[in-house]
């Protein structure tokens, strides 16, 4: 069984280059919750958390070169914030912090193109953290993996 | 500076901005829905108030409207992403060397003896610059020893060329990555029948060298057509300056491409090296007309 997560390329690059190739992902049990059986929990994952919709949204934002896309703004803010926190915690150097800032603010929509992560569930099952119900857009299950190794997933772009 | 003294958003410390952004971003494990804006530290409260005033965002909108939260996040991002021009350029140089930028983010220059290459094969600088800026596919080749400072690095860039004046081919550019500069060493017209639908530039180049390349003499090792991220111990029989023009068993003219350096302990650190037999390649070029 697979888990699915959609992230922009820049996230893949930053986690690989600056976080020891360990990846923080938010994932679901279905790529497209609309295809889940009507009486399953997976069918209750709404569009805003549905990997297929996230993929489509990022792809369309990149095709349109939409600088004001909410997802891109949030992820950019997230990395700018984490870069400060990592620097303050001594986990990265000031140079690495500058590189992260450069990457996430570069006028390069190729870096924001979506990448689908395919994560075999069994090896990570014990590390799955359920997303708090208050943070989910719907009732369907969503998970966090905070330290996914590069060998634990494959990436697909289409 | 006391928190209440923030007069302009530019005065807000980055640590405070980061704490505020963190409260606005979704925390998947938090039981609190929406932004977590209760129990702010004095400095956070002062910064938030100033930011809200500047952007014209009310408390009610900030708590209830996602678009207001996104606007505030956008402004905090703008403030957190301020880099002095020299720091920005230094970051670009480091990222460029590591092959993390797209081709158009690099400046393009040519090796000092490029004119010789141009005279021999009639490849113009402007055409090569066009391949770099409008490449169809490229690959930044990353050395295994990525932690070693200044280890030579190569980028390959390809572009399909078709025009009424010539048969179609792929122009493949071999460039050395020097910080945020791509220094072009050579550019080759690859026969179109070598090119699969989704080409990998390294595979293309290897196939091209297999077809048109000469064998390079390597000290203490069998000769080879193609060296790629390799290290050669120099024993004096091959001078680093002539590498890779020391070609086996041929008096025919060749043109070499070599991206390398000699380390302090006398090791030839090679990013890429090959030599092309001029006559067969020129015969192929004539066949394209």
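No value in this document is a laboratory result; all are computed from the given coordinates. These numbers were taken from a predicted model, which means no experiment stands behind them. Neighbour counts are summed over all protein chains in view; Cβ atoms, including those assigned to glycine, are modelled from backbone coordinates with ideal geometry.
Return the calculated 222 nm mean residue ellipticity for chain A, to the nearest 500 deg cm²/dmol, obtained by summing -39500 (n - 2.57) across DSSP H runs with n ≥ 4 and dividing by the residue count.
-11000 deg cm²/dmol
Counting alpha carbon pairs within less than 8 Å and at least 6 residues apart, what relative contact order, in whole percent, applies to chain A?
Relative contact order here is 38 percent.
Taking one equal scatterer on every alpha-carbon of region B:1-160, how large is log10 of I(q)/I(0) by Debye at q = 0.08, 0.09 1/Å?
-0.47, -0.56
What spacing in nm lies between the two simple spin-label points modelled at residue B:282 and residue B:231, each 7 Å away from Cα in the Cβ direction?
4.0
Over all residues in B:223-234, what is the mean tally of Cβ atoms on other chains that come within 10 Å of each residue's Cβ? All intermediate terms of the calculation are to be shown ahead of the outcome.
On the way: counts 0, 0, 0, 0, 0, 0, 0, 0, 0, 0, 0, 0.
Taking all residues of B:223-234 together, the mean is 0.
What do you get for the angle between helix A:70-88 and the principal long axis of chain A? Use alpha-carbon atoms, 0 to 90 degrees, nearest ten.
50
If region B:3-80 were replaced by its equivalent ellipsoid, with semi-axes equal to the square roots of 5 times the Cα gyration tensor eigenvalues, what would those be, largest first, whole Å?
Values: eigenvalues 72, 37, 27 Å².
Each semi-axis is √(5λ); the values are 19, 14, 12 Å.
Using 1/(1 + (r/R0)^6) with R0 = 35 angstrom and r between the beta carbons of residue B:15 and residue B:134, what's the FRET efficiency to the nearest 0.05?
0.25
Suppose R0 equals 45 Å. What FRET efficiency, 1/(1 + (r/R0)^6) with r the Cβ-Cβ distance, do residue B:264 and residue A:154 give to the nearest 0.05? Numbers along the way, then the final one.
Details: r = 41 Å, r/R0 = 0.91.
Taking R0 as 45 Å, the efficiency between residue B:264 and residue A:154 is 0.65.
So how far apart, in nm, are the two label points at residue B:113 and residue B:162 if each is 7 Å from Cα heading toward Cβ?
If labels sit at residue B:113 and residue B:162, their model points lie 3.7 nm apart.
What percent does the relative contact order of region B:89-288 come to when contacts are Cα pairs within less than 8 Å and at least six residues apart?
18
I'd like the orientation of helix B:278-288 relative to chain B: the angle between its Cα long axis and the longest Cα principal axis, in ° from 0 to 90, rounded to 10.
Tilt relative to chain B: about 70 degrees.
Percent of Cα-Cα pairs per 10 Å bin, from 0 to the last occupied bin, for the protein assembly as shown, please list those.
Binned Cα distances yield the sequence 4, 17, 24, 21, 16, 11, 6, 1, 0.
Once the piece of chain linking residue B:251 and residue B:192 is laid out straight, how much longer is it, given 0.36 nm per residue of separation minus the C-alpha distance between them?
Gain in length upon complete extension: 18.3 nm.
So for the protein assembly as shown: antiparallel DSSP bridges make up what percent, rounded to the nearest 5?
95
What is the average number of partner chain Cβ atoms found within 10 Å of a Cβ in A:67-80?
Per-residue shielding by partner chains comes out at 5.
Against the longest alpha carbon principal axis of chain A, how many degrees, from 0 to 90 and to the nearest 10, is the axis of helix A:9-18 turned?
Long axis of A:9-18 versus the principal axis of chain A: about 60 degrees.
When Cβ neighbours within 10 Å are restricted to other protein chains, what is their mean count per residue of peptide B:14-22? It would help to have the intermediate numbers written out before the result.
Details: counts 7, 4, 1, 4, 9, 3, 1, 8, 6.
What the average comes to for B:14-22 is 5.
Taking a temperature of 10 °C and a viscosity of 1.306 mPa s, what whole-number D in µm²/s does Stokes-Einstein yield for chain B with Rh from Kirkwood over alpha carbon pairs?
It comes out at roughly 69 µm²/s.
Could you state the number of Å between the C-alpha centres of region B:77-94 and region A:82-158?
What the calculation gives is 23 Å, centre to centre.
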